[in-house]
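The block underneath contains the structure these notes are about, expressed in structure tokens.
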Amino acid sequence: MSERAGADAAQRVDKWLWVSRLCRTRTLATESVTGGKVRVNGLPAKPARLLRVGDEVSLLRGGEAMTVVVRGYAAQRVSAQDVPALYEERAASLAARETLRAERALSGHSGYLGKGRPDKRERRALQRLKETEDD
């Protein structure tokens, strides 16, 4: 990981999100910024917005809100081992994500659990159910 020299060093938001492994591709990083899912210091950001060390970046990743503080830059995408040098997640953000994950685990699967179209028996059961609701 090579850090830029100088106190005025800065990096584009979209590139920093990709370099720090917060987004899988640079294109996805740009789309999340233009889609309003990324805020810098509480304000909506554009992809070309320059980040500086100490800036607070709030983003939505997979339906989970995350707030991190910029700690450094890198010219190219870093390995997973080097990620902690680029940002630090806020304690409140980490706690909120953990409680959200625990709530999801307790609530169970929220998607469709069926196996496609209902068969003859299931269709007739649905018809009987609808008829009893109408009465």
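The values are calculated or read from the model by the stated rules, or taken from the named source; none is laboratory data. If you're wondering where the values come from, they're calculated on a predicted model, not measured in any experiment. Positions of Cβ are generated from backbone atoms using ideal geometry, with glycine treated the same way; all protein chains shown enter the neighbour counts.
Quick rundown of the values:
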read-out: Positions within the range 40-56 being farther than 18 Å from residue 77 by Cα and buried (at least 17 other Cβ atoms within 10 Å of the Cβ), in sequence order; value: 40, 45, 49, 55
read-out: Pick from the range 99-124, criterion surrounded by 10 or more Cβ atoms within 10 Å (Cβ to Cβ) and of a type in the set (Lys, Arg), ranking: modelled with the highest pLDDT; value: 124
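Conditions tested, residue by residue: (1) touching an Asp or Glu at 6+ places or on another chain (Cβ under 9 Å); (2) under 19 Å from residue 20 (Cβ atoms); (3) free of Cβ contacts under 8 Å to residues at least 12 places away in the same chain; (4) exposed (fewer than 12 other Cβ atoms within 10 Å of the Cβ).
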{"residue": "72", "(1), (2), (3), (4)": "yes, yes, no, no"}
{"residue": "80", "(1), (2), (3), (4)": "no, yes, no, yes"}
{"residue": "87", "(1), (2), (3), (4)": "no, yes, no, no"}
{"residue": "126", "(1), (2), (3), (4)": "no, no, yes, yes"}
